[in-house]
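**Student:** Quick one: structure below, then a few questions.
Each reported figure results from applying straightforward, stated rules to the coordinates on display, with no laboratory input. What you see is a predicted model; the values in this text were computed from it and never measured. Reconstructed Cβ throughout: ideal geometry from the backbone, glycine too, with neighbour counts over all protein chains shown.
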Amino acid sequence: MRIEDVQDAILYFNRTDMNSVLDGQRKEADRAIEAINADVLLSAPTEDYVATIAKRYALDIPVLQRDQAHLEEPREIPWPSRITAGPFIALALF
């Protein structure tokens, strides 16, 4: 792992748990389906609505590919002289 990867990392599911995310997506999809006018829904192919809803509310979840895992060669990395771990905690590194 490189320090640059940690500094610019995208943190997935760091504010809520995965079950809450999935439940929220399902509820949003249910609301979208309920919002469709019944006459319009009956006049179009069901497959079109299913494809649209599935595409809109699908989650793009990263997959760990263990067979492609590797270590980088050791190298010097820049290290910050100060790390902030929250609004009240700051560590000075010397």
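**Student:** Sorting Ser43, Ser20 on the 10 Å Cβ count, fewest up front, what's the list?
**Tutor:** Listing Ser43, Ser20 from fewest to most nearby Cβ atoms yields Ser43, Ser20.
**Student:** So, one more: Looking at segment 17-74, which GluC sites (Glu not before Pro) are DSSP coil and have at most 13 other C-beta atoms within 10 Å of their C-beta?
**Tutor:** Glu72
**Student:** R0 = 41 Å: FRET efficiency of Glu28 with Arg75, Cβ-based, nearest 0.05?
**Tutor:** Efficiency, rounded to the nearest 0.05: 0.40.
**Student:** Report the net charge of residues surrounding Asp23, where surrounding means a beta-carbon distance below 14 angstrom and charges are Lys +1, Arg +1, Asp -1, Glu -1.
**Tutor:** Here the count lands on 0.
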